[in-house]
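Reading through the structure tokens given below for one structure.
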Amino acid sequence: MKRGNLVSKATVYLVLVIFSLMILMPLIWLTTTAFKTKTEIFSNPFNILPGSPDFGNFKNAWSYAPFASYYLNTIITSFGLLAIQLVTITMAAYAFARLQFPGRDFFFILFLTQLMITPQSTILPNYLTISQMGLIDTRLGVMLPYFASAMGTFLMRQAFKSVPESLEDAGKLDGCNTFQLIWHVFLPIVRPSLIAFSIISVTYHWNEFLWPLLVTETSRSRTLTVGLTIFAQQAEGGAEWSLLMAATLIVIGPLLIAFTIFQKLFVQSFANSGMKG
């Protein structure tokens, strides 16, 4: 029995390792190629490891495009948008979960219809609205359509509904107003849901491409994904694959580092919030 269990575990681990390598292979190839010279890439394309790592690719890629500006724009839009979303979804979720007003359930269902509408179908009206407001090629224009989040509101509403009413009643007896109740009673309890949504929001908007591509025109508002695409078009023309891979690693590096450092927190947040993905 013990030998059978060992064989079963070894087989499971072997299968997991094989599938993990299959999933990680594009990332491994991207990372190793970023350290290769142009000559090495074309002379021996099947050699994964670089002969002599060339760190100059990152310096050259950084200097060829205004990645500093792209980084600043992406950080401002991603984390600025997250800060606004945390306020809007918290207020909306509390209203839908705890307040009593006519048509509450109807308005909540109407609000959730946003989840059934593909983002591509709203691009044209959003673009016309942003254009009429004079926000084309601005960071605010990139952020504005996402100030409200139906998914985040739904997630927080479910979290707020799980908070015992006795805690809310105790807070009211202590003289807390609505905002004090949310801040001191509800938010500490639903913190895993907030962290889970924050991870989803930052990752999504960090990697978003289509909407920033449409509403940005210059480097003053372009995000990393759009800037990388423009850089890729130039690099592909000269077959600068090492520079292209280095630039790609510059773009995705912060997310990889953040996931590596906070992996346990990520998993715990999703598990505690009840989300699956």
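The values are calculated or read from the model by the stated rules, or taken from the named source; none is laboratory data. Since the structure is predicted, the reported quantities are computational estimates derived from the model, not experimental observations. Reconstructed Cβ throughout: ideal geometry from the backbone, glycine too, with neighbour counts over all protein chains shown. Heavy atoms of the whole protein, side chains included, go into the accessibility calculation; ligands, DNA and RNA do not. Shrake-Rupley method; radii C 1.70, N 1.55, O 1.52, S 1.80 Å.
Listed values, structure above:
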item	result
Under Karplus coefficients 6.51, -1.76 and 1.60, residue-wise ³J(HN,Hα) of the range 101-118 in Hz, glycine/proline x	8, x, x, 4, 5, 5, 5, 5, 4, 4, 5, 6, 4, 4, 5, 8, 9, 5
Portion, in percent, of the accessible area of the range 68-179 that falls on carbon or sulfur, probe 1.4 Å	69
Between the range 19-62 and the range 114-140, the Cα center-to-center distance that results, in Å	38
Hits among aspartates and glutamates - C-alpha to C-alpha of residue 36 under 19 Å, sequence gap 8 or more where chains match	54, 236, 240
Surface share of carbon and sulfur [accessible, 1.4 angstrom probe, percent] for the range 2-59	75
Accessible area expressed per residue, the range 2-59, with surrounding protein chains retained (probe 1.4 Å, Å²)	79
Protection-proxy order for peptides 154-166, 205-217, 52-64, 123-135, each taking the mean of Cβ atoms within 10 Å per residue, highest first	205-217, 154-166, 52-64, 123-135
Per residue, in Å², the accessible surface of the range 101-199 once ligands and nucleic acids are set aside, probe 1.4 Å	59
CD proxy at 222 nm, helix term only [per DSSP H run n ≥ 4: -39500 (n - 2.57); per residue of the chain; nearest 500]	-22500 deg cm²/dmol
Residue 112 accessible area, assembled protein chains, probe 1.4 Å, Å²	30
